[in-house]
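Here's the structure, in structure tokens; my notes come after.
Read-outs: derived from the displayed coordinates by stated rules, not from any lab. Keep in mind that this is a model prediction, so the values were computed, not measured. Quick reminder, even Gly has a Cβ in these numbers, built from the backbone with ideal geometry, and neighbours come from all protein chains shown.
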Amino acid sequence: MPSEDPLVRDQRSTQQATSEARRDALARMVRKTVTFVVFLALLAGLYTGYKAFGQAIDDAQQDWAVVGSVLPRTDNLNMPPLSEIFGQFGETPGGQDQIYIKILFDEALFTLREAAVGFVVGLIIGMAIALVLAQWRRLEQGLLPYVIASQTIPLIAIAPIIVIWGRKNFDVFPWEWQNWMSVAIIATYLTFFPVAVNGLRGLQAARPENKELMASYAANWGQTLWRLRLPASLPYLFAAFKIAATSSIVGAIVGEISAGVEGGLGRRILREAFNYTTGPDRLFASVLGAAVLGIFVFLVVIGVERLVVGRQGKGAVV
Amino acid sequence: MNSARITNTAKSFSAPIVAGLVIFGVWQGALGLLDPDGFVLPAPIEIVAALVDNWDAVSQGARITGFVVVSGLGVGIVLGVLAALLVTRFRAANETITPLAVAINAVPIIALAPIFNNWFGLTSPRSNQAIVVALVFFPIFINTARGLTQVDRSQIELMESYAASRSRIAREVRIPNAMPYFFTALKLATSLAVIAAIVAEYFGGRQDALGPIITQSAGLTRYDTAWAAVLAGTAIGAVLYFGAVLLERLVMPWHLASRNGSHE
Amino acid sequence: MNAIEICGATKVFNRGRSNEVNALAEINLTVEPGEFITLIGPSGCGKSTLLRLIGSLIAPSSGQVQVHGKAAEQARLDRDYGMAFQTAGLFDWRTVAKNIELPLELMGWSRTKRRARSAEMLELVKLAEFAKHHPRELSGGMQQRVAIARALAFSPVLLLMDEPFGALDEMTREHMQVELLRIWEQTDTTVVFVTHSIPEAVFLSTRVVVMSARPGAIAANIAVDLDDRGVALRDDPAFFKKVTEVRTALREAEA
């Protein structure tokens, strides 16, 4: 008779579905990796193919209006062959005693430190703003427009001023103020905004019946925040963290470039852009380094999201 | 009903105005404490004065940068939407390409500026436009593709039960569903475009654009002029942002209504 | 002492504004300990509002609500209530066991006591092997059983249920009704249950409170004194007679 019980039948199919879902997730991951590799190969093929096409036109001494004006020129100065770009990683540039990939790695770590400090500070500020605005509706009405307007200020544009300002005004701290910390301020500025806006939306996203449940337990503000509103806002927050992680890298790189900070990928890119005519492949290699760093932090956030949100996020994945 | 709505509207306007007065008051007041010489962050009044003094240079810079921003934004939006429409027609293409675009979106595209300069010419605005286009394209593409595909299954089935054609389903269900996604990306793209243009101008392009004005003024420690140029950039971004908000309200009045209805 | 004592309670939403709603007018209701009462009525009759007044989730515009001789607000602060809603309202980020332990955490129970109690409750709702699952991995009926286990976990003196079985299919629903009655008999709590279904009301409760709409008011109190509420009861002529009685009262209330 027990097999007739619909409750039991229901349970068995649920367990089955769970194990199937796990297998599907694994298959999806394999498929994603394969497509990514295929895509990279396609991209490389496109680059090489276009280059070969352009070279052929050049060889034929034809003047073709599109290549070289709307589309880039294809000579080795403008589009170094992929083999040389990747070969550059293993070479030792003049006046250095390390191979290029190691140099880039160290620069990337420097940039990552600025970005990480900026990200963490931005996260704290963003969450504080979200909490305050979520608490008082009047404040949300009054301040939210300015939080949004703040993003139309290209603060990144005044990185040099911020560096001077940082040196001048932050000597209150027990440690010596350094230029990279000013760059971190720029990363902070780009980071706090998505966290504040999405955090606010997330804190307001708890379902009404769950709020009533907490009220029926006479849970206080802190308990409701910690056990309901914060966990409910996690999917929103992680969406913001993904944007913020990328922005913090952009902020750090651009900050380095315009602030004249020694060290970091941004500085490296600027230097290679300067020496472009003698080593175009090094510029391409350093830009690739920046791309890898950006994707790396993005993947870190996704990994943390999987760990934190875990199985519950199933319905709310990106 | 009407009088209630008027008081509500008045309230929703008064709060930002009061907050704005407080912010500028604190700014002006805090300068005395933080930065007594008014060296780095000038008072709002000084910035406005510098803007008036340097009106010709700044307005010329704003025109040049504004053109790069608007043209890049326009091309980026068109390409992004077209790509989304194309890719979402094919399920397999969508499932492989869209996640890749999400990953590429994590690349600091601004770092491409020096390469683009070499490709499109150091003094030509085209390299700056290319940066803006690349930066705008990805969020628009990703969000629009998401909006076109993350549709309530039952709405599609309803349309299919009426034997509606694919294009009809797109017009009635998919495109309206994609609207809020698109506008979210558009609002993000407006401020991204200004940042991208100004930063790209550091690397090359015309020397009388806003980016060079900012760096040159800062180099000469004329910070009020630099800030006046930043203010001009902010104005471009703000006009575009609020233009996007206005457009959103015009195109999707139902979205606004549902948000207002959710007040407790 | 009465479990619930409501004296002349009214509820007006948005008073003084254009969208003013007179949700409840002059409610008087007394519930004795151990009763299982059902609130039934057309939609918009204020049954959910009345339930929330009892639970002190909203305050009455006038009148008084007392639970076990104290104000409803005080009863809530003393954690006398267990609540279950139409949607299970489980926290997606907690496992099934952790969901049941939520109220116990808030009440400061030790970890070992919490573990023991959640295991016990999972036995009661027959979900022991799902302790470590997350809510989204469960079917609707299973989620609702977890919600009931959560509501009962700290042995509240008063169980407030707002159409908890409304979203379930008929088979699961009948099973859940039997389960709920079994649990109620084992734990001697007082239950206030909101429903749309006449047979459900008759099958479950010792008293059916029939409400009328606009403004919400109590139209009739129908005592249900059926013994042996087993599966066979659903085919019993006495059961049908009560169903008819409630249906007639509802029709009169609407007229």
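Results, tabulated for the structure shown:
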read-out	value
Length released on extending from A:Asn275 to A:Gln98, taking residue separation times 0.36 nm less the Cα-Cα span	61.9 nm
R0 of 30 Å, Cβ-Cβ distance B:Val251-A:Tyr50: FRET efficiency to nearest 0.05	0.20
Rg/Rh (Cα only; Kirkwood hydrodynamic radius) as it applies to the range A:100-316	1.06
Additional length obtainable on full extension of the chain from B:Arg168 to B:Arg222, 0.36 nm per residue less Cα span	13.6 nm
Burial ordering of C:Glu5, A:Glu107, A:Glu20, fewest other beta-carbon atoms within 10 Å first	A:Glu20, C:Glu5, A:Glu107
For chain C, convex hull volume per residue from C-alpha positions, Å³	135 Å³
Proximal charge balance of B:Arg63 [Cβ under 14 Å; K/R count +1, D/E count -1]	-2
Taking only Cα atoms of the range C:90-155, radius of gyration then Dmax in Å	10.5, 30
Average beta-carbon neighbours from other chains, 10 Å sphere, peptide B:193-205	4
For the range B:125-175, convex hull volume per residue from C-alpha positions, Å³	65 Å³
Cα convex hull volume per residue for the range B:109-247 (Å³)	115 Å³
Residues of the range B:175-198 with amide N under 15 Å of the 7 Å Cα→Cβ point at A:Ala205	B:181
Distance violations [Cα-Cα > 32 Å] among C:Lys47/C:Lys126; A:Lys51/A:Lys242; B:Lys187/C:Lys11; C:Lys47/C:Lys241; A:Lys32/C:Lys132	A:Lys51/A:Lys242; B:Lys187/C:Lys11
Aspartates and glutamates whose Cα lies under 17 Å from that of C:Lys98, excluding same-chain neighbours fewer than 8 positions away	C:Glu120, C:Glu123, C:Glu129, C:Glu137
In Hz, Karplus ³J(HN,Hα) per residue of the range A:194-205 (6.51, -1.76, 1.60; θ = phi - 60°; x = Gly, Pro)	x, 5, 5, 5, 6, x, 4, 5, x, 5, 8, 8
Theoretical FRET efficiency, 1/(1+(r/R0)^6), r = Cβ-Cβ of C:Glu26 and C:Ala223, R0 22 Å, to 0.05	0.50
Karplus 3J(HN,Hα) series, Hz, for the range C:220-237 with 6.51 cos²θ - 1.76 cosθ + 1.60 (x for Gly, Pro)	7, 10, 10, 6, 10, 10, 9, 9, 6, 8, x, 4, 5, 4, 5, 9, 7, x
Within 10 Å of each Cβ in B:225-237, the average number of Cβ atoms from other chains	3
Among B:Ile198, B:Ile104, B:Ile213: highest mean-square fluctuation, GNM of chain B, C-alpha pairs under 10 Å	B:Ile104
Distant-in-sequence amide H partners of C:Leu159 (H built 1.01 Å from N, under 5 Å)	C:Gly82, C:Thr190, C:Val191, C:Val192
Paired Rg and Dmax values of the protein assembly as shown, which use every Cα atom, in angstrom	32.5, 104
GNM flexibility winner over chain C from C:Val21, C:Val67, C:Val202 (Cα, springs under 10 Å)	C:Val21
Extension reserve of the C:Ala131-C:Glu252 stretch, reckoned as 0.36 nm per residue once the Cα distance is removed	38.9 nm
Separation of the C:Met171 and A:Val34 label points, Cα + 7 Å toward Cβ, nm	3.8 nm
Label-point separation, A:Phe296 to A:Ser150 (7 Å along Cα→Cβ), nm	2.9 nm
Semi-axis lengths, Å, the range B:82-125, gyration tensor of Cα atoms, sqrt of 5 times eigenvalues	30, 13, 6
Ordering of A:129-137, C:154-162, A:263-271 by packing [mean C-beta count within 10 Å, highest first]	A:263-271, C:154-162, A:129-137
Where a label projected 7 Å from the Cα of A:Leu77 along Cα→Cβ would reach, residues of the range A:269-307 with amide N under 19 Å	A:271-285
Inter-label distance for C:Met107 and A:Glu262, nm, one decimal - labels placed 7 Å from Cα along Cα-to-Cβ	6.6 nm
